[in-house]
Structures are given as C-alpha cells and as structure tokens.
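Each reported figure results from applying straightforward, stated rules to the coordinates on display, with no laboratory input. Being a predicted model, the structure only gives us computed values, none of them experimental. No Cβ is skipped: glycine too gets one built from the backbone with ideal geometry, and neighbour counts run over all protein chains shown.
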Ligand code: 5RP
C-alpha cells in the first residue's frame, strides 16, 4: 500500500463520535477523508471544517457533514498533510496552496495531527520552497522585501498565469535551503506588508502519523 495512504487511513483512529474535525488539503489527507466518509456512512457522528474549496467539494461529495469555520469556537482535532516536518514538529505547509485556511483552522484546534510519508520527515526545514501567500497588489515589491531575507522567491504559476489561492491571492515559493529559526522567520515574514500568511507552522502540530515504504506507520507525539 502507498505510504501516504497508510498514514492517511491510520489517522481516522483519532476521530471520535461528536467531534468537530478540521479537514486538511492534499493527497495524503485525501485518504483520511475517504476513510472518514466510510465511517460516517456507518454512523459516525462528526462535523468537518474544510481547509480549501477542493476539500470542501470532496467531503461534500462523499457525504461528510460540514460546518463553516465562523460558526465554531474551537475544533477538537484537525488532520492535515505537510511538505516538511522536523524533529521539533515544525512544519512547512502550502504545497497545495491552502496554507492560509489550513493555518486558521489549525489555530483553533485542540489537536493538530499531521499525516505524511517518511520522505517529508527532515532534519532541517527549507529544502522544500516555503510557500508565502501575498496580495496581488504590488506583488513585485513584496517579493523584493522577502528576497532580502535570503531567498529567491518564485511566483507560483498555473497554465502560464499566476496561481490564485482560494482567497484570491498569489503564492511566492521561497527557497531558503536551510531555515535556521522557523519561529523567527514566521514572524518576520508576516510583518512584511503584502504578506498574508506563510507556510511555517510552529508550535502547532501535536502528533505526526508517518507511513513508510515497508508498509508500517510510525506515530510521533510531542
Ligand atoms: C496544502 C498542504 C498539503 O498538506 C501539503 O502540501 C502536503 O500535501 P500532500 O499530502 O499532497 O503531499 O499544505 O496546502
């Protein structure tokens, strides 16, 4: 079985009746959502809060009851993927472009569970270019300011046009090679006018569910 699928499916064991559950975005948490939908059909009573339009469509199509983020005060659990995870449980997210909604949903979750395959578990963050969501207005200026932090930002494109997030913004993919202090960089980036949010998730993840090539799952708890 695929290591993303193993991790994604394992995560449903953390979901209990009555929970409000944040539903992440991407090809690993896809398997969680599919498995959750099966449990819902068998009577599991949960409500999901999607982190992207694509997850919203998927969950709706599969019959998972959804509620709006604005209608809840907290979530019991969010399950989401990641692009990189380090041993301190710091993350790079946003490879799929959903980082803003993902961070908003994670920020009010009692527990954030991350599903990954073992290739995502790294010693240092930064080999994966850090996604930064920015407003389109004056984006070149924002890009220049970000480049002064030691990276070479690339405007994410889709079919020869800028990639547009669910929030109508652009994404700059910022290759830092090695991020020395994710905590500091997270704050520094978010202080730049024009930056909406960045893909560093620091002090947020509680549990990592990691699938490996030999078909086993490793659970890491903070
Ligand atoms: C989307 C994300 C995803 O969770 C991240 O990119 C991992 O995706 P995948 O599970 O497809 O590898 O942050 O914005």
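Before moving on, here are some points about what is shown:
- Calculated FRET value between residue 184 and residue 54, using beta carbons and R₀ = 25 Å, to 0.05: 0.20
- Modelled FRET efficiency - R0 30 Å, residue 72 with residue 216, Cβ distances, 0.05 increments: 0.30
- Intensity falloff of region 130-197 expressed as log10 I(q)/I(0), Debye formula with alpha-carbon point scatterers, at q = 0.12 Å⁻¹: -0.28
- The chain: angle of helix 29-41 to the longest principal axis, Cα-based, in degrees nearest 10: 30 degrees
- If the segment from residue 110 to residue 86 were pulled out straight at 0.36 nm per residue, it would be longer than the present Cα-Cα gap by 6.6 nm.
- The chain - share of DSSP beta bridges that are antiparallel (%, nearest 5): 55 percent
- Amide N proximity, region 3-18 versus residue 45 label position 7 Å along Cα-to-Cβ, cut-off under 17 Å: 15-18
- With respect to the chain, whose longest principal axis is taken over its alpha-carbon atoms, helix 53-62 is tilted by about 10°.
- When both region 165-196 and region 88-140 are represented by their alpha-carbon centers, they are found 10 Å apart.
- Cα gyration tensor shape for region 94-150, rounded if a/c is under 1.5, else prolate or oblate: oblate
- Taking every alpha-carbon pair within the chain, the share separated by more than 31 Å comes to 19 percent.
- In the chain, helical runs assigned H by DSSP with n ≥ 4 each contribute -39500 (n - 2.57); averaged across all residues and rounded to the nearest 500, the mean residue ellipticity at 222 nm is -7500 deg cm²/dmol.
- Here's the picture: a label point sits 7 Å out from the Cα of residue 135 along the beta-carbon direction, and within region 164-182 the residues with their amide nitrogen under 13 Å of it are 168-170.
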